[in-house]
C-alpha cells in the first residue's frame, strides 16, 4: 500500500507561501515581531524549515512580503479612486490620501502594520516605506498631472512632486507608534490628537508643494478616521 502523502507535499508553492504569510500575521499579533521565531511560523503554517527558506530569507523578509501584500491590496482600491469618473484633481487627491490611510489601518495584516512601528523595527519601517512609495508614485503622479491640466495644481514636475509628497509619510512615524504603544485610554486619546495635528500640518506642506491654497489637501477625514487609527485594546 503506497505511503500517504503529507500535507506539506500536496500544497503547491503559492499555497505554502500564503500559509506562511498568514501564520506570520497571526503570530505577530499574539507575540509581537521580536517575540515570534521562524520555528513558530513554520509550526503554525504546517510546513518545513526548507519550505520557509524557499520563500523567505528571514523573518524580516517575511514581514516585508506581508507589508507588500497589504500595499498591493491598498493599490487596487486606490486605482479605483484614480480612475473614478466625475472627480476633479483635488477631490481625487484627497480621496487618494485618505483612502491610503484607511486601507493601511484596516488591512488584514494589522499585526504587520503595528509591528512595523515598534522602535526596534525603525530600519525595517523605512525599507518598507520606500517599497510602498514605489508602488504609489505612479497613480499619484496621474492625479497631479490631471490637476495641472485643470489649472488647479502648479508644479513643474508631477512625478518628482509625487515622490516628495510620499516622502512625507515617515514624519508621522512617531505619532503612529505612540498610538500603537498606548496602554491607557488617556494615552491613546493624546496620541491620536498628536497624530491628527501632525497630519493637518503635513497636508499644508503638500498644499505648498503642489501650489494649492492652504487647507485644500486633507489627510484627516473625521468621518472615517476612527476606522483606520489603531484601536486601544479596551475598545477605545
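Every residue, every condition in (1) under 27 Å from residue 119 (Cα atoms); (2) at pLDDT 80 or above, yes or no:
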residue	(1), (2)
3	no, no
7	no, no
12	no, no
17	no, yes
20	yes, yes
23	yes, yes
28	yes, yes
48	no, yes
Of the conditions (1) at pLDDT 90 or above; (2) surrounded by 14 or more Cβ atoms within 10 Å (Cβ to Cβ), the single one that residue 181 does not satisfy is (1)
Residue 85 is checked against (1) assigned by TED's automatic domain parsing to the domain that holds residue 118; (2) at pLDDT 85 or above; (3) surrounded by 11 or more Cβ atoms within 10 Å (Cβ to Cβ) and fails just one. What number does that condition carry?
(3)
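So if I check each of 81, 90, which one is assigned to a helix (DSSP H, G or I) and under 22 Å from the mean Cα position of the chain (by Cα)? Explain how you work it out, then say what you get.
Details: 90 fails: under 22 Å from the mean Cα position of the chain (by Cα).
Only one candidate qualifies: 81.
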Being free of Cβ contacts under 8 Å to residues at least 60 places away in the same chain and either over 20 Å from the mean Cα position of the chain (by Cα) or buried (at least 18 other Cβ atoms within 10 Å of the Cβ) (or both) is the requirement here; does residue 157 meet it?
yes
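The values are calculated or read from the model by the stated rules, or taken from the named source; none is laboratory data. Note that the structure is predicted; figures quoted are calculated from it, not measured. Cβ: placed from backbone, ideal geometry, glycine included. Neighbour counts: every protein chain shown.
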